[in-house]
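Chemist: Next up is a structure, given as structure tokens.
The values are calculated or read from the model by the stated rules, or taken from the named source; none is laboratory data. Not measured: the values here are computed from a predicted model. As a convention, Cβ positions derive from the backbone with ideal geometry for all residues, glycine included, and neighbour counts pool all protein chains shown.
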Amino acid sequence: MGQLSVLIILFAIACYCISFIIIQYRAERFIYRRVKKIYDDLTLLESASLTNKPITTDMATLTKEIDKYARDKKLEIETLKIREEYRKEFIGNVSHELKTPLFTVQGYLLTLEDGAINDSKIRDKYLLRANKGVERLIYIVKDLDMITKFEAGDLRLKIATFDIVELIKSVFDLLEMKATKKKITLTLDVDYPKPIFVNADVERVQQVLTNLIVNSIKYGREKGTTEISIENLIKNKVIVRVTDNGEGIAKANLSRVFERFYRVDKSGSRKEGGSGLGLSIVKHIIEAHDEKIYIESELGVGSEFSFSLEKAE
């Protein structure tokens, strides 16, 4: 009787253990398949990376991965929204910048077509103005084409060694008349008796200097100053600073000054002409050299644009 009781107890225990194992195994397999399908659907993990571990481990991993997935997707959605807003604004700016000279040219040509062409004075004046509108269109298209090439990596730099001091002086000579019209003085901070050689694309760096100086003249105050200085940044780098005492830029606008067509002064800047792409081109050229460009400005005091270049040994 005692042995029978022991056998019954052992049988019951064995049945319980076997049943528990079977149920546990089936439950694990069921949950495991569901968890694995979620992983596969979300493409969070490779199928081979999910081994048959305890369910608690898989669930904990799944929770972390889903949280990460959700955060990444939220960030991606927010980035797409920002890009969409930027795209809309960019298209609107392009439309506006192209529309203004197009309508100007069209207006002058229609006036001439309506009979003004018979008056030689009006004809010459209107043709000259229409030509200026066409020139601005060409200027905008060329600048857009250049930025597109930079972004696509199609515009290659011709790196050479040259004297940055001599290049600055030559840009000053080119822009002297433009500066004189606003009585702005173009100057170096000190006399540089020795050349300072850098490794860069001389044509592109000239374009950077030209755009920055033209910008300082455009927004500079009458009888003001645009000063350029060259300093050693580190052993193999120099930094070129272009400083003016013009209108300055508000802090709210500083982060956007290098955007295409972004204008701090929406009205006045258009009267000055230009494509609205100058600073964007400057940024692309400097970054194509694997260098940095910086801006410091205070409203009503002035602005300083500076960029680094590799110093030649």
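Chemist: Does the range 124-144 contain any residue that is outside any helix (DSSP H, G or I) and not aliphatic (A, V, I, L, M)?
Modeler: Checking the range 124-144: not a single residue is outside any helix (DSSP H, G or I) and not aliphatic (A, V, I, L, M).
Chemist: Suppose we filter S170, S216 for residues that are of a type in the set (G, A, S) and touching a helix residue (DSSP H, G or I) at 6+ places or on another chain (Cβ under 8 Å); which single one remains?
Modeler: Matching residue, one of S170, S216: S170.
Chemist: Moving on to the next point. How many residues does the range 155-214 contain that are part of a loop (DSSP other than H, G, I, E, B) and under 24 Å from the mean Cα position of the chain (by Cα)?
Modeler: 4
Chemist: Given the criterion in the same structural domain as P193 (by TED's automatic domain parsing), over 23 Å from the mean Cα position of the chain (by Cα) and modelled with pLDDT under 85, identify the matching residue among K266, K235, K251.
Modeler: The unique qualifying residue is K235.
Chemist: Going through the range 153-184 one residue at a time, which ones are in contact with a Gly (Cβ under 9 Å, 6 or more places away or on another chain) and loosely packed, with under 14 Cβ neighbours inside 10 Å?
Modeler: Of everything in the range 153-184, just one residue is in contact with a Gly (Cβ under 9 Å, 6 or more places away or on another chain) and loosely packed, with under 14 Cβ neighbours inside 10 Å, namely K183.
Chemist: Further question: Is it the case that some residue within the range 228-240 is under 22 Å from I285 (Cα atoms) and part of a helix (DSSP H, G or I)?
Modeler: Among the residues of the range 228-240, not one is under 22 Å from I285 (Cα atoms) and part of a helix (DSSP H, G or I), which makes the answer no.
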